Amino acid sequence: MESAKISNAKLLEAIVNAIHEGVVIQDLQSNIIAFNQQACKMLNLSASQLLGKSSYTPHWRIIKENGQAFEGREHPSEVVTHTGVPQKDVVMGVYITEDDIRWISVSSNKINLEKEELVFTTFVDITKLMESKKELERIRHSVEVLVKASADLTLDVSDKGYVYKLYHGDQRVLFMPPEYTENRYLQEVFPGEFGLKVCDLITLAIQTKEVQYITYQNPFNPEDLRWFKASISPYKDHQQRVSIAISDITKQKTLELEKEELDTQMFHAFEYSPIGMAFLSTDGHFFKVNPALCALLGYTKAELLSLSVKSISVEDEYERDFPNTRLLLSGELSSYQTEKRYLHKQGHYIWGRLAVSVVKPSEKREAYFIVQIMDITEHRQLINRLEEQKTTIEKTAHELESKVEQLEDFNRIVAHNLRGPATNIHVVSKMIRQETETKERNELIDLLEEASMNLVGTLQSLMDVLSIRLNTDISLEDCSFAQSLEGIKKSLFQEIAQVKVDFETSFLVETIPYPRVYLDSMLYNLISNAIKYRQADVPLIIKISTYQKEGKTCLEVSDNGLGIDLKKYAKSIFQYSKRFHKSIEGKGVGLFITKNQINSLGGSIQVESEPMKGATFTITF
């Protein structure tokens, strides 16, 4: 062996040069440091051309079995060098000359020699084996052609249309006896245009080296409904001959015709359907739409095909479809239906009942959705009107129940509050009739007058409450909270000046559509109560604010007065003639009237309070 690093061992050299395999030894830098004579001979290289080179030197052209070039890192020795994994029987084609390829089978492994790690590669010449393999492939292809041609009946035909041999199958496909076909020209077997067309296809098959096909019916009998297919296949190893395989394809053709008819029916069902229909790609773009969908959405066909379903959908409703589309694509769902809105070209929304299914043609073709949209805008509008009517009826029923409850409450109030004054009048009147002394009669008359005035006052309060409950047509005004407060300050000027009230205001909501008389009355009652029930030795602070909460306007009035013990009076705080500070004069009607005013317009009032810590009243309009 010739070597730059290994010692010249005569015996080893003789043995290595005597074997039929080529041997190459490389260091871990891929440099060839040793080789045998067979390596030079097989590769048609001299010792100087090998020594010190690598297996992937650029001027060496090496290919794979499929004709692609071997990349450097794919060479067996390189794989062993970088991975340590032995390589065995790797087929490589080495260009000896431009037209001569030497095929070799290569095996590589690591060895340790004198404490040095090297890559040991052997290879054998398999050129003849590869040529045999190629010949075998050619023969196999010819066999495949014959196998494919053996469907029903096969003809061995020349490039001029001469029939050398007929391989028997179903003889009925010839429309004539076999002996009339062999050793004759196709123009004689199939006269007229059909025979000429077959000959043209034979020429085309030979020229293009591709299989040609023709489907036909019996050229001699128009009443024969059978269909046939001829496959004209050129031989690879014979430029002047073809194999013609003739098969009865009546069943297949019948299915094709039925499919064509079905496709026509589907086309008509799609194009002329009164329901909007479309084919939708999995990324949400239209690629086929029918006229009904165009009319429904107001777009032309070209405009719709340039849009995505997202661009005409309400965003949250569009995203709501994602789980269903994923289930369709995974096969967990065959179809689904829902109702959603779509943006019309003119800018308004229409309601549609959506039905979606998925089509998965094959692994090579992408799936797509079939979408059907029925216009249910009028239906939804009707439902909305019915819901509105239902809400109105429920509200009316609730109001009636509330009115009945209020009347019952009012009846109890009348019975309770009129009984006392009426009884006093009755008793005093009876006493007047019995009294004879003028002085005492006059005193009784004074008592009668006082009882009468109390009765009138009670009746007036009850009439005020009744007026609030019955007055449903009171007009609304654009009321300013700040202006209403200024009006109340003027009305309570003396009380405010005497007590020195400190007002703190924050009107985040400045105005509200509301009956002005009601708003003024509410503020008056709450502010006058705060002044009346203040702590004597504490400067009075009244805080008034407005704000929005859950889409509604709120008015909050708080003070630092005596407060109310809600543990005792929570249920009766807004009842008629209820008083919680007996030492302070009052009728207990203000909060009752305020609550009725608020409730009559659908609002509510809440209170938070503790004794000696003031009270906070919150009105929600």
Self-check item: For the stretch 11-161, alpha-carbon Rg relative to the globular expectation (2.2 N^0.38 Å, N residues)
Solution: 1.38
Exercise. Starting from the alpha-carbon convex hull of the stretch 272-334, give the projected area averaged over all orientations, in nm².
Key: 4.7
Exercise. Work through the residues other than Gln265 whose Cβ is under 14 Å from its Cβ and net out their charges, Lys, Arg +1 and Asp, Glu -1.
Key: -4
Quiz item: Mind listing which trypsin sites (Lys or Arg not before Pro) in the stretch 65-131 are in a DSSP loop and have 16 or fewer other Cβ atoms within 10 Å?
Solution: Lys115
Quiz prompt | Hull-based mean projected area of the chain, where the convex hull spans the alpha carbons, in square nanometres | solution = 63.8
Quiz item: Just from its helices, what would the mean residue ellipticity at 222 nm be for the chain, if runs of 4 or more DSSP H residues each count -39500 (n - 2.57) and the sum is divided by every residue, rounded to the nearest 500 deg cm²/dmol?
Solution: -13500 deg cm²/dmol
Quiz item: Which order, highest average first, do 33-45, 546-558 follow once you tally other Cβ atoms within 10 Å for each residue and take the mean per peptide?
Solution: 33-45, 546-558
Practice problem: Leaving ligands, DNA and RNA out of it, report the carbon-plus-sulfur percent of the accessible area of the stretch 35-96 at a 1.4 Å probe. | Solution: 51
Quiz item: Can you list the residues of the stretch 510-548 with backbone N under 18 Å from a point 7 Å past the Cα of Glu504, pointing along Cα to Cβ?
Solution: 527, 530-531, 534-535, 538-547
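Taking a ≥ b ≥ c as the square roots of the eigenvalues of the Cα gyration tensor of the stretch 509-558, is the shape rounded (a/c under 1.5), prolate (a/b larger than b/c) or oblate?
Oblate is the answer for the stretch 509-558, as a/c is 1.5 or above yet b/c matches or exceeds a/b.
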Practice problem: Set the Förster distance to 35 Å, then compute FRET efficiency between Asp224 and Val359 from the Cβ-Cβ distance, nearest 0.05. | Solution: 0.40
Exercise. Keeping all protein chains in place, calculate the accessible area per residue for the chain (probe 1.4 angstrom), answer in Å².
Key: 61
Quiz item: Nearest 20 debye, what's the magnitude of the dipole of the chain about its Cα centre given +1 on Lys and Arg Cβ and -1 on Asp and Glu Cβ?
Solution: 920
Quiz item: Rounded to the nearest 20 Debye, what is the dipole magnitude of the stretch 508-577 about its Cα centre when Lys and Arg each give +1 and Asp and Glu each give -1 at the C-beta?
Solution: 240
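The values are calculated or read from the model by the stated rules, or taken from the named source; none is laboratory data. Small disclaimer: the values here were computed from a predicted structure and weren't measured. Neighbour counts are summed over all protein chains in view; Cβ atoms, including those assigned to glycine, are modelled from backbone coordinates with ideal geometry. In case anyone asks, the SASA skips ligands and DNA or RNA and just uses the protein heavy atoms, side chains included. Shrake-Rupley method; radii C 1.70, N 1.55, O 1.52, S 1.80 Å.
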